[in-house]
Every structure is written in C-alpha cells, then in structure tokens.
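Below: the structure, in structure tokens.
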Amino acid sequence: MFGYVLPCQAELKVCQWQAYRAYYCGLCKQLKRSHGLASRFLLNYDLVFLALVADGLAAEEPPVRAERCIANPVQKRPVCGASGGLALAADALVLTAYYKMADDAHDERGAKRLAARALQAAFARARRKAAARFPAMDEVLAAQTQAQSALEERGCADADEAADPTARMTAALFCEAARTDAQRRVLERLGLFMGKILYYLDAAEDYDDDARSGAYNVFIRMGLDKPAAVERAQLLCRLCAGEAARCYNLLDIPGVTHKPILDNILFLGLPQSIRSAGQKRAPFKPARA
C-alpha cells in the first residue's frame, strides 16, 4: 500500500497518539496471528485507518497491554489486543499486497519480475485464507487488478479513469467495515474517494522514476511536466478529500478513542500528505510519546 493516510502527530494529545500507536502495533501482532510471522513485513499505516473506522462503528474498544516485539525487544510498548477492525485490516493488507505483487509480476521485467513472482507464491496461502473470510473483497481486488493492467496497456490518459481501479479496490475494503446497509453505502463512497487520493499521490511521487524507466504514469501520458503533474494531483486530491469528508461526517462513530484520531487523520494528516505531493518521503518515524 501507499503510506499516505497518517495522523498529524503534533496535533494529537499524548493519550491519542498512544492509542494510535497501540493500533499500529496491534495490527502487526494481528498479522502474525492471522497469517504468520512473514506477513508482518507487509505492515502499513494506511490500514490502521480502516481498523479504527471498523472498530469505531462497532463501538469496539480492544484491550491495550504493554508488550515487547521484534522492533522493540527491550522497551515495552502499548499494543492493542484482538479486535474485529484489526482482523479486517490484517486480511485487507494481505489481499492488497498480494494483488500488488501480481501487478508487479505483470508489469516488471527481469529480476524485478522474478522477485514479484516469488513473493506472490510465498503469500499465496495467506491470500487464500484472507479470501475465504472476505470473498467479495478478494473478487473485487482480482478484477480491478486486471482492469488496471488493461488501462495501462492501452495508455490511458484520463486521470479519473486511471484512478478508478484503485478507488474500487479501496471501496471494497471499506464496505467490509459496515454494520448496516446505510453505512455500507457511505463507506463505499468514502473508500472510492480515498482510493483516488492514494492513486494520485502515488503517481505524483513516482513521476521522476516512471519518466526514467518508461513505466506507465497517467500524468506523463497526459503530457504534463513534473510541476504541472504535482499541481494537478493536488487539485484532484483536494476535490476528492472534500467528498471523502462529507461521507465521513455521515458516519456515527461513538466513543472518545476512535473519533478524535480519525478526525486528525482525515482533516489534518491527509491534507498534510496532499501538500507534500510529488516529494519523496522518508519513512514515517513517530516520535516517542
């Protein structure tokens, strides 16, 4: 996944930051429980947002314990226990990573193609387990991965069309967090706009690499230079962010744990990522609370 859906840490209270970090570490532990140790290398911040949405809508507050882990073998960190949202996020992470590997195996050449195929084979069992629990999600991701390859092969030069497969994949993930049909309709639309934002930011960041390698990039196909591509990506992202905010505001998320963090991510963290469009990002390293 992309790693753009992050909180603005400076604007979170210490207790809220600890709760967010506990969810991130909890997702890492849930990956191990659901899919084994190797799956923890797939860990991504984007899916923490999905876990928080799902548990928030379910009014589920997973227990938090101080635990050690591979990354922090000496000092204990707060870690969320099992929850429905974390289980969903772990399976969603495995499925999205698997189909990203499938896409890479199709698009790349030489050693990179071989590496993608090897990774895809290594995670095939994990993908089957996740697909058994969420068959509708798996079906959408498989179909949209093929759709993405098809539009890239024909050189699609329309940004909205190019982002559509990613948007539909993300919508499928968010639909699984719904508790009612009304929530499902709202979450599907929220996921669509979040997916488009992720696609545009990723295309803007990869512009230079894609220009050098000749890989598909919708902004290059549109004939835009790098500054114009970044400007277009930011404009499209801001339009999508406004629609995503409208959808989010229709959701009734109770409790004091989830909503302040989600508000921060959507209204402060995501705009921060949009302002940084086109820039190569350093790994997100949260400061200690």
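The values are calculated or read from the model by the stated rules, or taken from the named source; none is laboratory data. Quick caveat: nothing in here was measured; it's all calculated off a predicted structure. Cβ sites come from the backbone with ideal geometry, for glycine too, and all protein chains shown count toward neighbours. What goes into the accessible areas is simple: the full protein's heavy atoms, side chains included, and nothing from ligands, DNA or RNA. Shrake-Rupley method; radii C 1.70, N 1.55, O 1.52, S 1.80 Å.
Go through the residues of the stretch 24-39 one by one and say whether even a single one is closer than 17 Å to LYS259 by Cα and open to solvent by less than 10 Å² (accessible area, probe 1.4 Å).
No; the residues of the stretch 24-39 include none that is closer than 17 Å to LYS259 by Cα and open to solvent by less than 10 Å² (accessible area, probe 1.4 Å).
Evaluate the following for GLY3: is it among the small types (Gly, Ala, Ser), open to solvent by less than 20 Å² (accessible area, probe 1.4 Å) and part of a loop (DSSP other than H, G, I, E, B)?
Here the answer is yes, as GLY3 does meet what is asked.
Considering the stretch 83-121 alone, what residues qualify as being modelled with pLDDT of 85 or more and either open to solvent by less than 10 Å² (accessible area, probe 1.4 Å) or in contact with an Asp or Glu (Cβ under 8 Å, 6 or more places away or on another chain) (or both)?
SER83, GLY84, GLY85, LEU86, LEU88, ALA89, ALA90, ASP91, ALA92, LEU93, VAL94, LEU95
Do we find a residue being free of Cβ contacts under 8 Å to residues at least 60 places away in the same chain and under 18 Å from LEU93 (Cα atoms) anywhere in the stretch 149-166?
yes
Out of all the residues in the stretch 212-234, which are closer than 16 Å to ARG154 by Cβ, hydrophobic (A, V, I, L, M, F, W, C) and open to solvent by less than 30 Å² (accessible area, probe 1.4 Å)?
VAL218
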